[in-house]
Amino acid sequence: MSEQNKEYFLSINEMADLLGMTEQGVHQLIKRNNLPTEKIGSQRYLSPLTVREILESRGATYQQKIISFQSQTGGVGKTTAAYYLALRASMYGARVLLVDLDEGGALTNAFQVLDPDIPVFSDVLKGKIKIEKAIIPISDHIGLLGSHYENYELPHLLADTQELKQENVITKHLKPLLDKFDLIIVDCATSLLTEVNKTVALASDMVIVPANPDKFSIMALKIMMKEIPQLQKMRQMPFELKILVNKYDARNKLSFLTLTHLASEYKDYIFPLFIRKNDDLQNIAGSKKAFFDFKNIPAHEDFDLLTKLILDFPDLKSELKSEVKRASANTSSAQPSVNY
């Protein structure tokens, strides 16, 4: 296994933590079921397929969801969150499709896909290519529908759609892909609910709005939180709306006060966790280094908790609660205790 592939594998140590077992117990489980492992240095790793086999044998199920990341303002870590959620979910055995709808292509670049001629979603809407053929395999459990500047045409293509009502166009293309993928994660362009973003929201089972604990970001969030709930009423089954607090700094009093305010004002929407500030996150993305091997990075634990919440494995719920409680115990270096 190459160093690049290592990015998508789970270590024996992590599997032991996930199952609440000792490493020796996991090795016995692997030997008993004749499961394959890969060795790099002194560490043993499990492929997503093997992880999935183990978790399903313990009662875990993989719920099919379309999740979109939306924000009005840049700099809130929207693309970075989509990247690490996809990475961690795949390590836990989920089959993940990433759909990049931002013509800047930041998510596409994070996976080192740099070809300016790859097919994009606008090509799908034009009928130039089937969506299945436009998907780039990143690993056995991650696929990517990339983006570049030609996706600037999306608003016009949606407006010209006559086959379906505009709000159903994205749904028509993404829903059938849930036969092959468990999670479809859409990274939208930064904007205040353009017609494209509205259409994506209506196709989603969950809309995640990242927000930084600063004045400008919170002002943008308040606008989003007035607009998005109106869209929920257009669906027979309303999508789930969640706020993800990002770039939290426990050393900054404003961060704590802002988080407390958000937890009070949006208690029905905010995730019971946050992503701690780390300036290395964007540098690690796409660097071919295994981010989840860096135990000393606080955001490692935060993205892990976020992924577990979204995957919602029934047999992991009790462990997840204890992890959240443990992470909340130390306000100086971990999640502060806030009443959500």
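One residue stands out in the stretch 34-52 among those that are within 20 Å of residue 307 (Cα to Cα) and crowded, with 16+ Cβ neighbours inside 10 Å: the one that is nearest to the chain's Cα centre (by Cα), namely 48.
Within the stretch 86-99, the residues that satisfy the criterion of being out of contact with any Ser or Thr (no Cβ under 6 Å at 6 or more places or on another chain) and either part of a loop (DSSP other than H, G, I, E, B) or hydrophobic (A, V, I, L, M, F, W, C) (or both) are 86, 87, 91, 92, 93, 94, 95, 97, 98, 99.
In this structure, residue 159 does not qualify as more than 17 Å from residue 82 (Cα to Cα) and in contact with a strand residue (DSSP E or B) (Cβ under 7 Å, 6 or more places away or on another chain).
Within the stretch 30-50, is even one residue on the phi > 0 side of the Ramachandran plot and in the same structural domain as residue 97 (by TED's automatic domain parsing)? Show your work before the answer.
First pass over the stretch 30-50, keeping only residues on the phi > 0 side of the Ramachandran plot: 34, 41.
Now drop any that are not in the same structural domain as residue 97 (by TED's automatic domain parsing), which leaves none.
Scanning the stretch 30-50, I find no residue that is on the phi > 0 side of the Ramachandran plot and in the same structural domain as residue 97 (by TED's automatic domain parsing), so the answer is no.
Tell me which of these residue 71 doesn't satisfy, since it passes every other one: (1) assigned by TED's automatic domain parsing to the domain that holds residue 177; (2) of a type in the set (Ser, Thr, Tyr); (3) over 18 Å from residue 147 (Cβ atoms). Just one mismatch for residue 71, condition (3). Could you tell me whether the stretch 169-178 includes any residue that is assigned by TED's automatic domain parsing to the domain that holds residue 307 and in a loop (DSSP other than H, G, I, E, B)? Looking for residues that are assigned by TED's automatic domain parsing to the domain that holds residue 307 and in a loop (DSSP other than H, G, I, E, B), one finds none in the stretch 169-178, hence no.
From the residues in the stretch 260-301 that are in a helix (DSSP H, G or I) and at pLDDT 85 or above, which one is surrounded by the most Cβ atoms within 10 Å (Cβ to Cβ)?
Filtering the stretch 260-301 down to residues in a helix (DSSP H, G or I) leaves 260-265, 281-284, 291-293, 298-301.
Among the residues that remain, those that are also at pLDDT 85 or above are: 260-265, 301.
Values: 260: 14, 261: 12, 262: 22, 263: 18, 264: 12, 265: 15, 301: 19.
Checked the stretch 260-301; the qualifying residue surrounded by the most Cβ atoms within 10 Å (Cβ to Cβ) is 262.
The set of residues in the stretch 116-136 that are in contact with a helix residue (DSSP H, G or I) (Cβ under 9 Å, 6 or more places away or on another chain), more than 14 Å from residue 151 (Cβ to Cβ) and not in a helix (DSSP H, G or I) comprises 130, 135, 136. Checked against the criterion of being surrounded by 22 or more Cβ atoms within 10 Å (Cβ to Cβ), among the hydrophobic types (A, V, I, L, M, F, W, C) and assigned to a strand (DSSP E or B), the stretch 195-203 contains not a single residue that satisfies it. Looking across the stretch 179-190, the residues that are part of a loop (DSSP other than H, G, I, E, B) and in contact with a Leu (Cβ under 7 Å, 6 or more places away or on another chain) come down to 181, 188, 189. Exactly one residue among 154, 174, 192, 144 is buried (at least 22 other Cβ atoms within 10 Å of the Cβ) and closer than 29 Å to residue 219 by Cα, and that residue is 154. All of (1) of a type in the set (D, E, K, R); (2) more than 17 Å from the chain's Cα centre (by Cα); (3) modelled with pLDDT of 65 or more; (4) surrounded by 14 or more Cβ atoms within 10 Å (Cβ to Cβ) hold for residue 251 with one exception: (4).
With respect to residue 208, determine if the residue is surrounded by 14 or more Cβ atoms within 10 Å (Cβ to Cβ) and out of contact with any Ser or Thr (no Cβ under 6 Å at 6 or more places or on another chain).
Criteria met by residue 208.
Among the conditions (1) touching a helix residue (DSSP H, G or I) at 6+ places or on another chain (Cβ under 8 Å); (2) of a type in the set (Asp, Glu); (3) modelled with pLDDT of 90 or more; (4) more than 26 Å from residue 263 (Cα to Cα), the only one that residue 187 does not satisfy is (4). With respect to (1) surrounded by 23 or more Cβ atoms within 10 Å (Cβ to Cβ); (2) not in a helix (DSSP H, G or I); (3) not aromatic (Phe, Trp, Tyr), the lone exception for residue 107 is condition (2).
The values are calculated or read from the model by the stated rules, or taken from the named source; none is laboratory data. Values in this document were obtained by computation on a predicted structure and should not be read as measured data. Don't worry about glycine lacking a Cβ; one is built from the backbone with ideal geometry, like all the others, and counts go over all protein chains shown.
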